[in-house]
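One structure is given below, encoded as structure tokens.
The values are calculated or read from the model by the stated rules, or taken from the named source; none is laboratory data. On a predicted model such as this, the values are computed, not experimentally measured, just so you know. As a convention, Cβ positions derive from the backbone with ideal geometry for all residues, glycine included, and neighbour counts pool all protein chains shown. Calculation scope for accessible area: heavy atoms of the full protein, side chains included, ligands and nucleic acids excluded. Shrake-Rupley method; radii C 1.70, N 1.55, O 1.52, S 1.80 Å.
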Protein chains: 2
Amino acid sequence: MKPYKEMSKDELVSLKAELDKQFEDAKSKGLKLDMSRGKQSVAQLDMTMGLMDVFDSSSVLKTEDGMDCRNYGLMDGIPEAKKLLGDMIGVPAENVLVFGNSSLSVMYDIISHAMTHGIMGSTPWCKLDKVKFLCPAPGYDRHFKITEYFGVEMITIPMTLEGPDMDLVEKYVSEDAAVKGIWCVPKYSNPLGISFSDETVRRFANLKPAAKDFRIIWDNAYAVHHLYDDKQDTILEILSECEKAGNPDMVIELCSTSKVSFAGGGIAGLAASKANLDYIRESMTVRTIGYDKVNQLRHVKYFKDINGIAAHMKKHADIIRPKFEAVLDVLDRELNGLGVGEWTKPVGGYFISFDSMEGCAKEIVAKCKEAGVVLTGAGATFPYGKDPKDSNIRIAPTFPTPEEMAAATDLFVLCVKLVSVNKLLESK
Amino acid sequence: MKPYKEMSKDELVSLKAELDKQFEDAKSKGLKLDMSRGKQSVAQLDMTMGLMDVFDSSSVLKTEDGMDCRNYGLMDGIPEAKKLLGDMIGVPAENVLVFGNSSLSVMYDIISHAMTHGIMGSTPWCKLDKVKFLCPAPGYDRHFKITEYFGVEMITIPMTLEGPDMDLVEKYVSEDAAVKGIWCVPKYSNPLGISFSDETVRRFANLKPAAKDFRIIWDNAYAVHHLYDDKQDTILEILSECEKAGNPDMVIELCSTSKVSFAGGGIAGLAASKANLDYIRESMTVRTIGYDKVNQLRHVKYFKDINGIAAHMKKHADIIRPKFEAVLDVLDRELNGLGVGEWTKPVGGYFISFDSMEGCAKEIVAKCKEAGVVLTGAGATFPYGKDPKDSNIRIAPTFPTPEEMAAATDLFVLCVKLVSVNKLLESK
């Protein structure tokens, strides 16, 4: 089929009639599928149930150095969990703190704490006239929600396939002392699924911030989430790059086992320089006597080490790879050459990112919903939920089965075609 | 022996010589005991190890209404955990949210959030010139640390055996709009071990705050922590009292299983009016996708219901009651009638509170430390760590064995005597 843009009005009208009919048929099937959130499927969760066998009432719940995990204490995490999470992201254990089950909470707390106390002696952000954050987009909606919630002005930075537009990042960071941070998902990014190039990471490490309390929030959520054995992204380790560049305190890195073990029952980690960690420990002392160390120990006993994690992630990949491929197959087969959209082909992570023709995303998502397929709200991947081009749509293929994903994507491409035809007809 | 204050200088000098010798003997024993923190003993933790048998890899980790606890979602807690924690404090499940393992974190977050966002539409506290909190003292040091950390001005309210001095509380709360809250441990209070009388609770519920965002932080940490079957304190349920009084939104109540199951692996709850909960849920949405629901479900399966909790708490009581009694026996035997101190005789909770002669507490704690017994720092039970009378000492009898507690208390009373004699000699 030829590109839609080259079609005459008559051709478009007749195509529209056909697509409308297909859509009515699809609607009558009563689909009920959700590809809106990056959630593990039941098969993945089942695959990790051995986590529940690790302990029984005869277990000794002590750390390797004899600390009782059942009691208060060890505020910043058990040593072996620091090592495990550190190995996931290539950072020494002494640079890691271990928290509860949510790295999102840790990021929220970082911003919240900076608002009330600043960072390492800086003016509390709530006392400043203006605080700004750089938001590479499309990006993770929940990052943007945090900064929005605290009244931080968000500046959209376009994403390329190499990472954020670093010319712009460098300009803002070096020229504007109100720019206090940037949100990043450096590996298998949400939603693009791309990984930052070595040059991008090095440019990050070599930033010359106008604000001394500027922080890169490096949310390495998909560090070990490969889809293939033979095609895997690697990224440079940011902490050591920052140290090399003379900016040891500029980055705070996050990771978690939410998509390794259980989202509702995993552990989260934070990695940073010693100076940052000492500062963070100060406020932790006020906030808590310690996180759930029993669950930290449970994870260590189950996965044992980074090899255990890697082997486990292969099993996850075996379950979700077919779903990614089901989506990509349908997109390739149905949309290639039509000029109505572009999409990424990630080799890891939890998402595929789709860009429709400008001004079509909202309508596509609405159409899908009308026929029973829920997608992430259009715009969600941009600050304030506003995609200036109204074109980005995040596809989360992991939760449904491959067959369901194929069916959902069949509907999705139909909606893309239909909305694109309508759009083109408007201008005829 | 007669009261020390009635002794002549010569009598005191000779007593001092004898006590000095006893102290040197005691020091030579090389004691190493800690009665500083309210921690469970190993025997208590061992007694709860069945918690680790609740799940294995064949378990179905779903809530009663079919939600998968392993995955994201159910941000504010699983229904059956709401019920369990609600029953612990006599509040309906729909008024309860369930968090991670630390109610202290929840309290920190309440204050932190009020600083940045106010409460239910009020001005963020960080935008106000002055924010004040009432701090009944002696009280829980970690409460005071939170408000101190956020620069809140703390006003000490004397504690009586009925609860805080309510005349003062009423005066401050009704007259000063900068007074935004009060810290309370209403039952088996930390450190006094007393419980608020019905009149105290009713006066709390009937407060007429000048600040519309005034909140009572009702830390019901020891709700089910009785030491005896036949002597148990009960307190009026504050949420319903506040509602009756036309102040439904004035209180936020906390509880946890830190001293029911494991401190490093329990669950915490918050109870409040629907309006408060709706408001709190708004910020939770930004902060997290959900807490550890697997652990919430584990607790419900283990304890089953409030009867299970009550039965379990009897076992705790059997372990810690002898320790309380060991302390009280030594205090009674050694200090009765000497006029050098007064102490509480709690029937629940985790602490005994001792008041020395004025100006002696710091010295007593230092002396104990010199001979190997660690007590909570003198002053810790007051705002800013400053006890105006330098007389309150918190004794935490739960962690050591009864024999160790007896030995530690032997040393403690010796130090009390010695420091008191020295004090009296100073004025001779």
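Quick notes on this one:
- Subset tally (residues that are in a helix (DSSP H, G or I) and either of a type in the set (D, E, K, R) or open to solvent by 10 Å² or more (accessible area, probe 1.4 Å) (or both)) for segment B:296-311: 9
- For segment A:135-165, a tally of residues being within 11 Å of chain B (Cβ to nearest Cβ), more than 15 Å from B:T116 (Cα to Cα) and either assigned to a strand (DSSP E or B) or aliphatic (A, V, I, L, M) (or both) returns 0.
- Cβ pairs under 7 Å, 6+ apart, first in segment B:47-75 and under 20 Å from B:V98 (Cα atoms), second among the acidic types (D, E) and surrounded by 18 or more Cβ atoms within 10 Å (Cβ to Cβ): B:L61/B:D68; B:K62/B:D68; B:T63/B:E80; B:E64/B:E80
- Any chance A:G269 is more than 22 Å from B:D292 (Cα to Cα) and away from chain B (no Cβ under 14 Å): no
- A:D25 vs. criteria within 14 Å of chain B (Cβ to nearest Cβ) and open to solvent by 20 Å² or more (accessible area, probe 1.4 Å): no
- The residues of segment A:99-111 that are open to solvent by 10 Å² or more (accessible area, probe 1.4 Å) and more than 17 Å from the chain's Cα centre (by Cα), listed by number, are A:F99, A:G100, A:D109, A:I110.
- Filtering segment B:110-134 to residues that are part of a loop (DSSP other than H, G, I, E, B) and more than 11 Å from every other protein chain (Cβ to nearest Cβ) leaves B:G118, B:I119, B:M120, B:G121, B:S122, B:T123, B:L128, B:D129, B:K130, B:V131.
- The conditions of being at pLDDT 95 or above, within 14 Å of chain B (Cβ to nearest Cβ) and under 23 Å from the mean Cα position of the chain (by Cα) are not met by A:A311.
- B:K83 open to solvent by 50 Å² or more (accessible area, probe 1.4 Å), within 17 Å of B:Y291 (Cα to Cα) and within 12 Å of another protein chain (Cβ to nearest Cβ): no
- Identity of the residue in segment B:272-295, touching a residue at least 12 places away in the same chain (Cβ under 8 Å) and either within 15 Å of B:D87 (Cα to Cα) or open to solvent by 50 Å² or more (accessible area, probe 1.4 Å) (or both), that ends up nearest to the other protein chains (Cβ to nearest Cβ): B:T285
- Residues that are more than 8 Å from chain B (Cβ to nearest Cβ), buried (at least 16 other Cβ atoms within 10 Å of the Cβ) and of a type in the set (A, V, I, L, M, F, W, C), drawn from segment A:52-74: A:V54, A:M67
- From the options B:A211, B:A221, residue that is part of a loop (DSSP other than H, G, I, E, B) and within 14 Å of another protein chain (Cβ to nearest Cβ): B:A221
- Sole residue being modelled with pLDDT of 95 or more and touching a helix residue (DSSP H, G or I) at 6+ places or on another chain (Cβ under 7 Å), chosen from B:S103, B:S122, B:S59: B:S59
- Condition check for A:Q40: open to solvent by less than 10 Å² (accessible area, probe 1.4 Å), within 14 Å of another protein chain (Cβ to nearest Cβ), in contact (Cβ under 8 Å) with a residue 24 or more places away in the chain and over 30 Å from B:S258 (Cβ atoms): no
- Candidate set from segment B:165-214 (those that are under 22 Å from B:V96 (Cβ atoms) and open to solvent by 10 Å² or more (accessible area, probe 1.4 Å)); member that is nearest to the chain's Cα centre (by Cα): B:V185
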